[in-house]
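Asker: The structure that follows is given in the form of structure tokens.
The values are calculated or read from the model by the stated rules, or taken from the named source; none is laboratory data. What you are looking at is a predicted structure, and each value in this text was computed from that prediction instead of being measured. Don't worry about glycine lacking a Cβ; one is built from the backbone with ideal geometry, like all the others, and counts go over all protein chains shown. The protein model used for the area step is the full one, side chains on, heavy atoms only, and it has no ligands, DNA or RNA in it. Shrake-Rupley method; radii C 1.70, N 1.55, O 1.52, S 1.80 Å.
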Amino acid sequence: MTRHPSSGRQATHEREDAQVSRILTWLSLAAILSLTGIGSKAWYSGHSSHALILWAFIVPVLANMAWFARTGNRDSQKAGLLVIVSVLFTYLIASGGEGNTGPLWFYVFPPLLFFLTNLKTGTMILLLVYLVAVIVFQFPNLPFVFADYESDFKIRFFVTLTFESIFCFVLEASRLKARNELLDLAQSHELAAKTDELTSLSNRRDILNRLAEEYSRYQRSGHHFSIALIDLDLFKSINDQYGHNAGDAALKQFANLMQTVIRQTDVAARWGGEEFLLLLPDTSLIPALTLAERLRSEVARSNFSFHGQELPVTMSAGVCSIAQADSIDSMLRQADSQLYSAKEAGRNRIAPRVRNQHTDAQSQPNA
């Protein structure tokens with residue numbers, strides 16, 4: 001039942017990764033069509049060896065698509081496509097392609113690279129690509145180099161590729177910054193919509209959603225759960241006698257104390273005013289009553305204060321399990337009825353009543 005603040009961000013990353021995978025699938029199909037077309041042109045132009053090599057690159061592209069379809073591994077899909085494209089571009093710049101136009105395909109590389117990787121990794125790979133281009137341009141007599149480029153072409157190539165790379169880097173950095181700012185803003189709005197501003201507990205809207213989720217889980221798997229509706233006794237007198245700031249301090253101190261008593265899987269919410277609601281997953285009535293009594297006892301013996309003034313804070317609670325109700329509304333009504341009974345019986349108590357080692361405090365209710 002606990003929800004991490006980063007869950008929304010993780011879900012966004014998951015959606016983005018899925019979208020990238022779909023785009024890569026379409027890019028792979030486009031690459032197959034392009035290699036088929038360019039290879040066919042080279043074949044009919046009499047460059048049969050060049051055509052066969054281009055067609056050969058279709059095989060690893062298809063293999064990468066098939067592997068992703070089988071495993072669903074997005075990281076391997078990205079890495080596989082990057083390796084294939086890198087080897088292809090290395091071949092094109094070393095062979096010159098048709099009419100020494102092979103290096104022109106490098107202009108596709110920077111935007112694709114930053115799209116598939118992060119800025120740091122993309123920059124490192126791009127520098128490696130530059131190194132390959134420098135080696136091919138400066139050492140045309142190497143065994144694997146079959147093209148010889150003019151000096152003017154080399155200068156224009158590096159200047160334009162550098163400009164494009166810087167441009168893509170700046171654009172991607174700006175996109176990532178704007179994206180992260182939007183995610184942070186959305187996360188803060190989501191948190192504000194679910195959180196009580198004063199106590200930092202779940203608010204009424206959030207706890208109702210969680211109750212609905214827990215009830216659905218109960219219907220699916222039969223996992224019982226309970227709730228405890230809590231009210232701070234005679235809270236109006238605290239506001240009247242010590243001021244509303246003291247009342248706010250008491251609410252915050254109570255919320256902090258409650259968080260130390262309940263379990264990690266439990267959810268505490270401010271139901272409204274001085275009322276609070278506890279959602280206790282996987283908990284039947286007796287354990288719920290025991291937990292509520294432990295909380296009542298802790299509150300009764302804790303010191304609540306504001307600016308050196310001790311505040312008289314106790315609590316009453318009504319507890320209900322899903323086993324005693326047939327809906328969320330029924331649970332809430334029964335818990336409210338039990339809370340009313342606890343108030344009528346003298347406050348500073350739990351209803352239905354449970355006895356344990358702390359019930360001595362329960363026998364002395366507040367006036």
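Asker: Could you please find all residues in the range 332-354 being open to solvent by less than 50 Å² (accessible area, probe 1.4 Å) and in a helix (DSSP H, G or I)?
Answerer: The answer is Leu332, Ala335, Leu339, Ala342, Lys343.
Asker: If you take the residues in the range 298-326 that are of a type in the set (Gly, Ala, Ser) and open to solvent by less than 10 Å² (accessible area, probe 1.4 Å), which one is farthest from Leu251 (Cα to Cα)?
Answerer: Ser321
Asker: Which of the residues spanning the range 136-159 are assigned to a helix (DSSP H, G or I), over 17 Å from Gly97 (Cα atoms) and over 41 Å from the mean Cα position of the chain (by Cα)?
Answerer: Once the filter is applied, which keeps residues that are assigned to a helix (DSSP H, G or I), over 17 Å from Gly97 (Cα atoms) and over 41 Å from the mean Cα position of the chain (by Cα), the range 136-159 yields Gln138, Ser151, Asp152, Ile155, Arg156.
Asker: Still on this model: I'm trying to understand the selection: among the residues of the range 100-125, which are open to solvent by 70 Å² or more (accessible area, probe 1.4 Å) and either within 16 Å of Asp75 (Cα to Cα) or small (Gly, Ala, Ser) (or both)?
Answerer: Residues satisfying the conditions are Phe115, Asn118.
Asker: In addition: Which of (1) on the phi < 0 side of the Ramachandran plot; (2) surrounded by fewer than 19 Cβ atoms within 10 Å (Cβ to Cβ) is the odd one out, the single condition Gly72 does not satisfy?
Answerer: Of the numbered conditions (1) on the phi < 0 side of the Ramachandran plot; (2) surrounded by fewer than 19 Cβ atoms within 10 Å (Cβ to Cβ), the odd one out for Gly72 is (1).
Asker: Looking at Gly97, Gly80, which one is modelled with pLDDT under 85, in contact with a Pro (Cβ under 9 Å, 6 or more places away or on another chain) and open to solvent by 10 Å² or more (accessible area, probe 1.4 Å)?
Answerer: Criteria check complete, one pass: Gly97.
Asker: Take residues that are open to solvent by less than 50 Å² (accessible area, probe 1.4 Å) and farther than 30 Å from Ser330 by Cα and tell me which of the helices (runs of 4 or more DSSP H) falling wholly in the range 160-264 contain 2 or more.
Answerer: Passing ranges, in order: 235-242, 244-261.
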